[in-house]
Amino acid sequence: MNIPVLSIITFLPLACALLLIFLPKEKTSLLKTLVLVITVINFIISLTLFFNFDGGTSDPQFVEKAEWIGYGIHYHLGIDGISLFLVLLTTFLMPLVILSSWTYIRERVKEYLIFMLILQTGMIGVFVSLNLFLFYIFWEAMLIPMYFLIGIWGGKRKIYATVKYVIFTMFGSLLMLVALFFMYNLYYKATGTYSFNLFDFQNMILNPNIQIWLFLAFALAFAIKVPMFPFHTWLPDAHVEAPTGGSVVLAAVLLKMGTYGFLRFAMPMFPDALMKLLPYLSILALIGIIYGGLMALIQKDIKSLVAYSSVSHMGLIMLAVFALNFEGLQGALYQMLNHGLSTGALFICVGILYERSHTRLIKDYGGVSKQMPVFAAIFLICILSSVGLPGLNGFVGEILCLFGIFQANQMFAILAVTTVILAAAYLLWMFQRVMHGPITNDKILKFPDLSAREIIQFVPIIVMMFWMGIYPQTFLRKMDASVTHLLDTIKKKEVIFARSQMAPDTVLPQLLLPPDVPEILEEEEAIIR
Amino acid sequence: MIPSSYFIVLSIVLFFLGALGFLIKRDLITQFMSVEIMLNAANIAFIAFARSAGSLDGQIIVFFVITVAGAEAAIGLAIILLIFKQKKTIKTEDINLLKG
Amino acid sequence: MTEFFWLIPLFPLVSTAILALFGKHLPKKYVSFQACLAVFLSFVFGVISFIGLQNAEHGHAALSKTLFSWIHSGNFKADLTFQFDPLTAVMVLVVSLVGFLIHVYSIGYMSHDPGYKRFFTYMNLFTFSMLVLVMADNLILMFVGWEGVGLCSYLLIGFWFEKHSAAAAGKKAFIVNRIGDAGFLLGIMFILIHVGGTEFGTINQAVSGGILTPAVVTLIALLLFVGAAGKSAQIPLYVWLPDAMEGPTPVSALIHAATMVTAGVYMVARMNMLYTLSGTAGNVVAVVGALTAIFAATMALTQNDIKRVLAYSTISQLGYMFIGCGVGAYAAGIFHLYTHAFFKSLLFLAAGSVMHALSGELNMQKMGGLRKYLPRTYYPFLIGAIAISGIPFLSGFFSKDAILTQAFAQGNYFVWALGITGAVLTAFYMFRLIFLTFHGKERLEPEVKKHLHESPPVMTIPLAILAFFSIFAGYVGLPVVFGKNLDFFGKFLEPVIHAGHGHHLSIGTEWLLILISVGVAVLGVFIAYIFYLKKTEIPHNLVRRFPFVYKLLYNKYYIDEAYNAVIVNPLVRGSEAVYKHFDLKVIDGAINGSAATAGWMGKVLSTFQTGFLKDYALIFLLGAIILIGVVLF
């Protein structure tokens, strides 16, 4: 099988965006339908990844490698159990995002669709790149369409929000770029060859003192993206101002880039620095959980409430990642998908309310359930999924995360369990104020219940919520090998030994033996015999 | 054979004439011509050095410069024309659109 | 047939799914028929499995079926496994039987409600969750049911969500329960870490194998009890249950009296190996139970809302069940759970019938003399009241007596004394309820009286059936004084429940204890009779004499207000302050500050940018000359 599936799903949206440029902008429904079809096709193609994915190995699969610019810059794609589901999450959500924007976006529809498609290429590209240069290009490329999505179709303070978002993200990623070139240079000095290859970088044994700085540069970029406390303030602003589709993508996929970056780059490349900084990072994550929850409790705007709930949920995910055990990592991975689904769905719900009344303030609502019973049921399911009700997806991830945290540090786990209470408190309180009680606002009396299109966009999400909650094995088993491998990389014994031998002022890295160590050992044994 | 320094001196003189013209003259067209003079001053220097070094590199660069100058003339004149259309003037002291 | 026992919870699940997806298009009659049928099928399969269990060989007294493996990740393992052992059998039968009767009753009670179909959907979902809870073979799956019933409770309390108080009560119930759940989850984590699995069999082996240190056992037991206290409304987490009465009455009967609130008791009984091993935990359970029993009973004394009296009574009775579990008499606790399910749901349904007759009136002060109008409601109500008061030969007498006798036998005299005091209060407030509602002067509003009517048979027949069980259900577990081997109930549960260390009392002492508890029950009834039928001025005089005590009781010790003042408000205010001063000022301030600094610097530097071509050219030239100078010299 030599079909370059990864390249296809990465660049199909971009190709579609190019095509769109030549189509007349007045025919909005044609454009929307075309984009919807393309994104659905893209999702179907990406499903082949899932079915052909071998869960038994941690090696990257569907690898495509080609010469590109030279100097170690290759076109190098591949996925493993960590990125597989994030790619699928992206392709799965895109058609729904298009559907949710169907009537929400009325101006400049063509541009909106083009930016969405470019964004999709960027997002998938980030998840599939195995060459750090390529990764960085996608990482930055993603920023541009998002900048416009918020800046053009946003709310009242859109310019402030979008500039804040871009500056925050740029600040982190520039430091990452510096660190990236520093490593590139080190690798060249140590080996005499150029490389941006992820695995080459992982095999460098760096001096722990240098690692700290490199790790901090990478971690800052990712921590801003997650976002971890105290780098979270761009998130509520961006969410509040972004159009529904933008919020959904932002919450469901863009935030995952941060956690993904930790798992894929920062942690395996700089394990010593990670170990040294682990307590501080864990505490930041823990603060994020509680702080986000408390802030969500008192928000007056539904969207910023959901945004702060993201801060809290992502804090739990990060804490589980920092637990550095199998259950924690797998739980965190699973919870990333759950968060993508449930928070994405919540933003769609808020968008539906906003489309009807053009306000996001909780106090303007009340008694909506009476008017929109179907919506009430769907909204409640999404909330319960976010709260972590057993039987829905959130529970599986949450309990694995908590168990992972518990194994690492019982005190942290006891504090982290407050998320169980806080999540219920802020979400259900919001639900009560928005959906229940007497109808206070005459506008609400005119609310139509969900249209067929609006129901259809929820169907796949809700099916997935139940599936992931009831039969998580489908997903967990595909992750096993990669999670084990990740843990091994971080805790590799011979690396730790080599580092412990290193003089404190060493700058040049040593290189890890090539992966075929066992064979060499066998040869040696044979010689001895 | 005429020594290279003659050409260099010519080139320097031409260049500073061009620069002076650019700084003193007020209308864009004359300034534009001054720029052309400066470019050609550089061309003379290139040719001179190419001859003394016995390599063709300098002459090749001159071709580049002439090409670029041609393109520049086309674009530059077009811009000047547009400015004149809008502002009804090509006096540089009347135009400060780039003020920070 | 018994191998199909795992179908028991699936009937209501399938029914829920059908109703949720297609309910809108189904006729009303069919909806209720299907809902009742599903629960009835569960009951039938429960009975079949129960009989199968009776006939099973000794030592194989449990059925088990793994449907599929649910979550596996590293050391974390949870399967979808159902089991059916004696304890489960009792719970399944109670849940499905009482559930079925209440479903039938609801056909009449909810007939005029616009949310009729939604109601039956929720009720089926509840039955499913509750059955999962009691049939789970591991704690994680149990937690699924546990949260599921919590969700249904939320949905059903807030069933009339247009009412502000109902929506608020539902939310309060869910959040308070979540506090308990957090404790429960931590307990599960500790078990997972120390035992390596959450299957009851595994835990049992680990505990009897002595793997766990006593401190760990105590910790786990206490954490699990936090969960139980949340679900079963014990101090300090009982506050949600009185508010839960905002839901429709059948809901109060099914969820907030007979089944869901007893889940905590069931869980403690299920984990009895832990509580038996840890004396501290057992004592905590018993003392919390006893305090709750008496505390809730005092609050019931002054309430005028007929359902709230019953709600406080439920809290109090749950306290008794925990006394049983705490002193090691798990069988007695479960026995009380079982009898209580009948008489308390009977009382609620009868109260619902009264409300139905009085167009939704809840205030007892506006009732009175209803006996002659509602005879088919009155007699079941009376039977329920007698049963709960502990008058001999009705079910409540046997179960309550079993608990108190055990408490005494264990030497836990303090708990026993509290229990006995609670018994006086129980008899008093129940008969206060009876006398104020059905006897004495009529105090009905004229408008209400016009519409006064007895409930339809679809409501009164379930009452009659429940009344029957309230009388006779106790005869399966007679105390020792009536004969050596008459405690069938305790014997049936023996395979699951570790028998307490045989503190047997002499027959004489047992008789004495029985006499005392009968005496206090009669005393309570007598006082109520004097207060509310003979000398009705006494209560008023008491109120006038002790206004402080009355106000304190009437306002439920101001506990809700205290929680708001001490926990909720500081949390909200504090968060608001942090949001305003930290999130917006410090963090955002730092960001906006650095942006502003950059902007200011740009402005300063941009003064060089005059916009005149010549200035640029001059600077350019000077720059070039300087550069050349640098290169040359």
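Rule-based calculations on the coordinates, nothing more; no lab input. This is a predicted model, so every value here is computed, not measured. Positions of Cβ are generated from backbone atoms using ideal geometry, with glycine treated the same way; all protein chains shown enter the neighbour counts.
With R₀ set to 25 Å, the beta-carbon distance separating A:K156 from C:I587 gives a calculated FRET efficiency near 0.70. What FRET efficiency would be calculated for the residue pair C:R573, A:S29, taking the C-beta separation as r and a Förster radius of 35 Å, to the nearest 0.05? It comes out at approximately 0.10. Against chain A, whose longest principal axis is taken from its Cα atoms, helix A:326-357 shows a tilt of about 30°.
Using a simple charge model, +1 on the beta-carbon of Lys and Arg, -1 on the beta-carbon of Asp and Glu, nothing else, what dipole does the range C:562-633 show about its Cα centre, in debye to the nearest 20?
Details: 5 positive and 4 negative charges, 19 e Å.
Computed charge dipole of the range C:562-633: roughly 100 debye.
By the Kirkwood approach, averaging reciprocal distances over each pair of separate Cα atoms, chain C gets a hydrodynamic radius of 26.5 Å. Taking only C-alpha pairs under 8 Å that are 6+ residues apart, what is the relative contact order of chain C in percent? Once divided by the residue count of chain C, the mean separation gives 12 percent. Only Lys, Arg, Asp and Glu carry charge here, each on its Cβ (+1 for the first two, -1 for the last two); on that basis the range A:5-528 has a dipole of about 2360 debye about its Cα centre. Summing +1 for each Lys or Arg and -1 for each Asp or Glu among the other residues whose beta-carbon sits under 12 angstrom from that of A:A307 gives -2. The convex hull drawn around the Cα atoms of the protein assembly as shown, when projected onto a plane and averaged over every direction, covers 64.5 nm². Straight Cα distances below 22 angstrom link C:K614 to the lysines B:K25, B:K85, B:K87, B:K88, B:K91, B:K99, C:K603, with same-chain residues fewer than 8 positions distant left out. Amide H to amide H distances under 5 Å link A:Q61 with A:I79, A:D80, where only residues 5 or more positions off or on other chains count and H is placed in the peptide plane. When C:L622, A:L174 are sorted by how many other C-beta atoms sit within 10 angstrom of their C-beta, beginning with the fewest, the order is C:L622, A:L174.
Can you give me the relative contact order of the range A:176-331 as a percent, contacts being Cα pairs under 8 Å and 6 or more apart? Don't skip to the answer; put the middle values down first.
Details: 165 pairs, mean separation 38.3, N = 156.
Result for the range A:176-331 is 25 percent.
Placing unit charges on each Cβ (+1 for Lys and Arg, -1 for Asp and Glu) gives the protein assembly as shown a dipole about its Cα centre, and among C:L433, B:S55, A:Y165 the Cα reaching farthest toward its positive end belongs to C:L433.
Arranged from fewest to most other beta-carbon atoms within 10 Å of their beta carbon, A:M142, A:M170 become A:M170, A:M142. Based on alpha-carbon centroids, what's the gap between the range C:1-58 and the range C:251-326 in Å, whole number please? The distance from the Cα centre of the range C:1-58 to that of the range C:251-326 comes to 29 Å. Provide, for q = 0.07, 0.13 Å⁻¹, the log10 of I(q)/I(0) from a solvent-free Debye sum over equal Cα point scatterers in chain A. Ignoring solvent entirely, the Cα scatterers give -0.38, -1.30. Diffusion coefficient of the range B:4-94 by Stokes-Einstein, Kirkwood radius over Cα pairs, 4 °C, 1.567 mPa s: 91 µm²/s. Find the centroid of the Cα atoms in the range A:280-317 and in the range A:450-480, then give the distance between the two in whole Å. First find each Cα centre; the distance between them is then 24 Å. Against chain C, whose longest principal axis comes from its Cα atoms, helix C:139-157 is set at around 90 degrees. Using r as the Cβ-Cβ distance of C:A595 and C:N363, and R0 as 56 Å, what FRET efficiency do you calculate, to the nearest 0.05? Efficiency, from the Cβ-Cβ distance: 0.35. Footprinting exposure proxy ranking of C:T202, C:T262, fewest other C-beta atoms within 10 angstrom first, gives C:T202, C:T262. With 20 Å as the limit, the listed pairs A:K363/C:K171; A:K363/C:K231; A:K276/A:K492; C:K372/C:K449 have A:K363/C:K231 beyond it between alpha carbons. With contacts taken as Cα pairs under 8 Å and at least 6 residues apart, the range A:5-528 reaches a relative contact order of 17 percent.
Under 20 Å of direct C-alpha separation, and excluding same-chain neighbours fewer than eight residues apart, A:K256 reaches these lysines: A:K164, A:K225, A:K303, A:K478. The distance separating the Cα centre of the range B:21-100 from that of the range A:41-60 comes to 58 Å. Please determine, in degrees from 0 to 90 and to the nearest 10, the orientation of helix A:28-52 with respect to the longest principal axis defined by the Cα atoms of chain A, where the helix direction is its Cα long axis. For A:28-52 against chain A, the angle is about 40 degrees. Beyond 23 Å in Cα-Cα separation lie the following of the pairs A:K443/C:K117; C:K29/C:K307; C:K307/C:K535; C:K307/C:K441: A:K443/C:K117; C:K29/C:K307; C:K307/C:K535.
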